[in-house]
Amino acid sequence: VQLQASGGGLVQPGGSLRLSCAASGRIFSINEMGWYRRAPGQQRELVARIISGGTTNYADSVKGRFTISRDKFKKTVDLQMDSLKPEDTALYYCAAKVLGASDYEYWGQGTLVTVSS
């Protein structure tokens, strides 16, 4: 499984960005996909995830502002980020977990999101 993330950039506080993650390879084995982020000096954290049945989960810090969605035909998982705050500044990664795996094992390259005026 290969993952390609895109969509990062510089945005002002209160603005929006949409990240996209395109999956290729053995995508039929993917059961769950998520977006992580790592801010400077902080540990990596799970921002949002979507499971094959459509169930979604969000970190408390982004609930009501971020939305994860998937397009099975385009084989992409997007993260719509609204009402962005400076503390959302981080390197964002998409990740995939296959059925039966205990943890995410496939990772895309990071895409930088900077929220600043």
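The values are calculated or read from the model by the stated rules, or taken from the named source; none is laboratory data. Computed from a predicted model, the values in this text were never measured in an experiment. Cβ coordinates were reconstructed from backbone atoms using ideal geometry, including for glycine residues, and neighbour counts include every protein chain displayed. Surface accessibility is based on the protein's heavy atoms, side chains included, excluding ligands, DNA and RNA. Shrake-Rupley method; radii C 1.70, N 1.55, O 1.52, S 1.80 Å.
Structure notes:
- Of the residues making up the stretch 12-65, just one is small (Gly, Ala, Ser), touching an Asp or Glu at 6+ places or on another chain (Cβ under 8 Å) and not in a loop (DSSP other than H, G, I, E, B), namely 20.
- Checked against (1) open to solvent by 30 Å² or more (accessible area, probe 1.4 Å); (2) without any contact (Cβ under 8 Å) to a residue 40 or more places away in the chain, residue 50 passes all but condition (1).
- Only residues that are touching a helix residue (DSSP H, G or I) at 6+ places or on another chain (Cβ under 9 Å) and either modelled with pLDDT of 95 or more or open to solvent by 10 Å² or more (accessible area, probe 1.4 Å) (or both) were counted in the stretch 71-98, giving 3.
- Residue list for the stretch 99-113, filter: open to solvent by 40 Å² or more (accessible area, probe 1.4 Å) and either among the aromatic types (Phe, Trp, Tyr) or closer than 23 Å to residue 87 by Cβ (or both): 106, 107, 109, 112
- Residue check, residue 61 touching a residue at least 24 places away in the same chain (Cβ under 8 Å), more than 17 Å from residue 116 (Cα to Cα) and open to solvent by 50 Å² or more (accessible area, probe 1.4 Å): yes
- Whether a residue is surrounded by 14 or more Cβ atoms within 10 Å (Cβ to Cβ), small (Gly, Ala, Ser) and in contact with an Asp or Glu (Cβ under 9 Å, 6 or more places away or on another chain) was assessed, and residue 8 does not pass this test.
- Filter result for residue 14 (open to solvent by 30 Å² or more (accessible area, probe 1.4 Å) and in contact (Cβ under 8 Å) with a residue 40 or more places away in the chain): yes
- For the stretch 77-100, taking the residues that are assigned to a strand (DSSP E or B) and more than 11 Å from the chain's Cα centre (by Cα), the one that is nearest to residue 12 (Cα to Cα) is identified as 90.
- Those residues of the stretch 105-117 which are in a loop (DSSP other than H, G, I, E, B) and in contact with a Leu (Cβ under 9 Å, 6 or more places away or on another chain), in sequence order: 108, 109, 110, 116
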